[in-house]
Structure formats: C-alpha cells, structure tokens
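I have placed the structure first, in the form of structure tokens, so that the comments after it can refer back to it.
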Amino acid sequence: MDITQAAGGPGMPGRHQRSRTVKRKRWGGLRQQWKLLGLFEIDQQHEFYAWTCMMKEGLAAAIQNTIDNVPTNELSDDDFRLEVTQIHKDFTMETFAGPVFASLRGSLGMTEQEYQQSLCSENCYLQFISNSKSKADFFLTNDKRFFLKTQNKREIKFLLSNLKIYMEHLRKYPHSLLVKFLGVHRIKIPRRQKKYFIVMHSVFYPDDRINARYDIKGCEVSRWTEPAPEGSQIIVVLKDLNFEGQFITLHQQRPWLLRQVEIDTHFLRRLNVLDYSLLLAHQPLHHDERHQSLSFATLIMRTKKSVNPGSSPIHASVAAVPGAVPEDNSNLPLSETDSCLKLPHSGDTSSGPGSDMVELPDFKAQNRRLLPNLKNPLHIIDGPEQRYFIGIIDIFTVYSFKKRLEHLWKTLRHPGRSFSTVSPQTYCLRLCQWVEDHTK
C-alpha cells in the first residue's frame, strides 16, 4: 500500500489533508465557541438556577432591611465597616457596608423599591458568557439594568478597604465614568464554599439598539477577537484591534470625555491598579434624536438633573440626580456651551435675606456636563450621529510583586509590543492616549 495515498487519498499529499483537517477543527471549535457566547436565561434546568434563587432571596431581604431602616444621618466610619447577616432556610447572606451603597443608589436617583423590583422579580436572571479570560460568573437582571458578578475574597477586601475614597471620588466628580458599585454580599451554604458577589449598574443599559461592544485596554497583545458571524444574535465583546480605523465622534463633548478619562484613570493610578477596561458601545441615533432642538423646558430639566447639589453620594437623604428633577426653583445656569455646564458669576445671581438657595458647587472643577434626559445618563454621551455608552470597569488588579514578574516575562516574550501588564502610571497614560487618538 502506498503510504501517501493511505494518509491523504489518491492524488492528495498527506500534509495537505492534515492541514484541511486542522482548519476544519479550528473552524468547528470557533463555531462551538460562538454558540457559547451571549445571554442565556437561567431557568429551572440551568446549573445556576438554585444559586440565583438564593441570590434573589437574600437580596430581597437585604434591600427590605434598608427600606425598613432608612438611614437618616450622614455616613459614619461604622457604616463603612458594617456587616449585616441574615439567616435563610438553606443559607445565610452577609451584606457589607449596606448604608454606604444605599446612599450611592439614592444619589443616582434610584429608589430602593425599584432596585428591589429589578433584582428580585420573578423573571429569571440571565447568564452572560463572554470571551473574557475572567473566571468569574456574570449575571444580568432580566431587564438588563444590573450586573451581578462573583468576586474572590481579595477583590472584595480591596473594594471595601478603598470604599471611602471611591465614594469621595464620586462626590468630587459626580459624572465619573467609573462603574457604579451598588452592593457587596457573601452567601454561605453549609458544608460548601462561601461565595462573594457584587452588584453593579450595567454600562450598556438600555441595550435595545446597541450594535457593537468593545473592551478597550489601550494595547495590542491578545487584543483581537473574532467577530460573530454576520446576522448572528450572539453577543461578542470586541477589543482594541477590532476598533482600529474607527473613531468616537463627539465634536463638542470631546474635551469633556478626555478630561474625565484623565481624572478617573489618575484616581486608579493612586490606587496602584492596572488592567482595567474602558467599555465602549455605540448605536446610531434616530433622525429625531439627531435633529432635536433643545427647548427651554428641556434645558431646564437637563440642567437641574446635572447640577442639583443632591447628586453626590455624600447627600444620603437626597435621591435626586441623575434622576428625579427637584421641585424647587433655585437659580440655575441655563446656557449650554460646548455641551459643558458653566456656572454664572456670583454677581449674576442675587439672593435676598432668608433665601433658601443652596450654594452650588464648582462645576468646572467637578467636570460636569449637561446630562442627557435618558436612563443611565452617566454612561451615555451623544455625538452628532451615534450614541455612545462609555464606562470604566474591572478596577481590582493591584500592581503586586506577581504582576511585576509578569511584566518582566511579557517584556521578554513580546519585545517591542504593547501588553496590558505595565505599571499603573504607564497604564493610565496609555489609556488616556488611546482615547485622545480615537476621538474627534
């Protein structure tokens, strides 16, 4: 028997046949991988059904505890250290720093009732399986408003130990692009491992018309993802190299974005973290959205939403901004220049004796902008043709000794190429540069 013909068939060399077999396997593997990406309803047959039912039950009780015991005072050091344990039939759940996160939720214009309704409704959670390397489990509420993500003990400890300065950053910069953490919890099941999870506001909400999603780190090594087949409903989060040749077109709002990315990344540099991501998505604006005129009433509403002093997490008693519009008639700036807010000079605003007018903060220093009258306004920026969803996530990776060794190894492994494991200062400056190079 001819060995060549046996391996490859008549007239075909064996190596060509093997090459085609390898290609088929790769393509088959890729198709299989695509099938596993996206959102899946966690019904009774799903492996995580029991786990998500415990999350819902625990969250319902924890939020109800906040509803029944509304905090009335300013946040104290004890609030940041508070741990509340609630016992359920098959598990116990601990809630960390509950009053702090309740304060933050209120500052975002979110009532505890709507938070509870979204997280604890009868509708199934959705499992999100992405092309991320993370070992965490990702879940979405059925309305896709909130993300729930499992975290390890080190990450939770890092978040709680830096919670006070995180809240202070949001107080100083109410329109920050940092992901909004809304709750930290731990579930204990007898004779099983404890599980920590966090609740976050989804950057990509509402996602009805989003047609592309990106995870940007500002480097090139391992920063390409095979797009989903055309016409597929599969959700694939693309990466830096997929975005090359494109721009975030904002025109007047570009300076605001560059400044806010700089502010937020320098804050993360202070925390000595790296490997965070700039989440980016876009969708085309409808004709009426592109050409809508800014009426006086709309301008007043958007301005109040953007400048109300109750917008910062430090005002725990005010659940107003971005969210509900207050009913007072405080003097407010009504002009929009370069889509950024400008505060009138003190001489331009008069207030008689006994007036209740609140002293407005320094908007320029806070880098506020005129927020859109939309759901999730802190992460939505409209350009001339596209609506962009932008936020910074995954802020738990500390530049440890292990990461320094990884940096050294990658330097040898990828000479002359950019990769994610670099010093926090380099990472911060590089991501800022990426945004500057890819916006106009």
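The values are calculated or read from the model by the stated rules, or taken from the named source; none is laboratory data. Keep in mind that this is a model prediction, so the values were computed, not measured. Cβ: placed from backbone, ideal geometry, glycine included. Neighbour counts: every protein chain shown. SASA here: full protein model, heavy atoms, side chains in, ligands and nucleic acids out. Shrake-Rupley method; radii C 1.70, N 1.55, O 1.52, S 1.80 Å.
Within region 105-123, the set of residues being over 17 Å from ASN69 (Cβ atoms) and either surrounded by fewer than 18 Cβ atoms within 10 Å (Cβ to Cβ) or modelled with pLDDT of 95 or more (or both) comprises GLU114, GLN117, SER118, LEU119, CYS120, SER121, GLU122, ASN123. Only residues that are open to solvent by 70 Å² or more (accessible area, probe 1.4 Å) and either closer than 25 Å to HIS88 by Cα or among the hydroxyl-bearing types (Ser, Thr, Tyr) (or both) were counted in region 153-187, giving 3.
Filter region 206-230 down to residues that are in contact with a helix residue (DSSP H, G or I) (Cβ under 8 Å, 6 or more places away or on another chain) and hydroxyl-bearing (Ser, Thr, Tyr) and give me whichever is surrounded by the fewest Cβ atoms within 10 Å (Cβ to Cβ). Here the answer is THR225. Taken together, the residues in region 186-229 that are free of Cβ contacts under 8 Å to residues at least 40 places away in the same chain and of a type in the set (S, T, N, Q) amount to 1. Condition (residue is of a type in the set (Ser, Thr, Tyr), under 30 Å from ILE235 (Cα atoms) and modelled with pLDDT under 50) applied to region 31-54: is it met by at least one residue? Scanning region 31-54, I find no residue that is of a type in the set (Ser, Thr, Tyr), under 30 Å from ILE235 (Cα atoms) and modelled with pLDDT under 50, so the answer is no. If the condition is being of a type in the set (Val, Ile, Thr) and either within 30 Å of ILE156 (Cβ to Cβ) or surrounded by 20 or more Cβ atoms within 10 Å (Cβ to Cβ) (or both), then region 383-440 contributes ILE390, ILE392, ILE393, ILE395, THR397, VAL398, THR421, VAL422, THR426, VAL435. Contact map, region 396-412: residues that are in the same structural domain as VAL422 (by the TED database) paired with residues that are buried (at least 16 other Cβ atoms within 10 Å of the Cβ) and in a helix (DSSP H, G or I), Cβ distance under 8 Å, separation 6+ or inter-chain. Pairs shown: PHE396/GLU155; PHE396/PHE158; PHE396/LEU159; THR397/LYS403; VAL398/PHE158; TYR399/PRO424. Inspect region 83-92 for any residue being closer than 23 Å to GLU168 by Cα and in a helix (DSSP H, G or I) and give the result as yes or no. Looking for residues that are closer than 23 Å to GLU168 by Cα and in a helix (DSSP H, G or I), one finds none in region 83-92, hence no.
Count of region 272-287 residues, restricted to those that are in contact (Cβ under 8 Å) with a residue 40 or more places away in the chain and outside any strand (DSSP E or B), is 4.
Close Cβ contacts (under 8 Å, 6 or more residues apart or on different chains) running from residues in region 416-433 that are farther than 12 Å from LEU274 by Cβ to residues that are open to solvent by 10 Å² or more (accessible area, probe 1.4 Å) and in a helix (DSSP H, G or I) comprise SER418/ARG430; CYS432/LEU258; CYS432/GLU262.
For GLN233, indicate whether it is open to solvent by 70 Å² or more (accessible area, probe 1.4 Å), within 16 Å of GLN283 (Cα to Cα) and either part of a loop (DSSP other than H, G, I, E, B) or touching an Asp or Glu at 6+ places or on another chain (Cβ under 6 Å) (or both). Yes.
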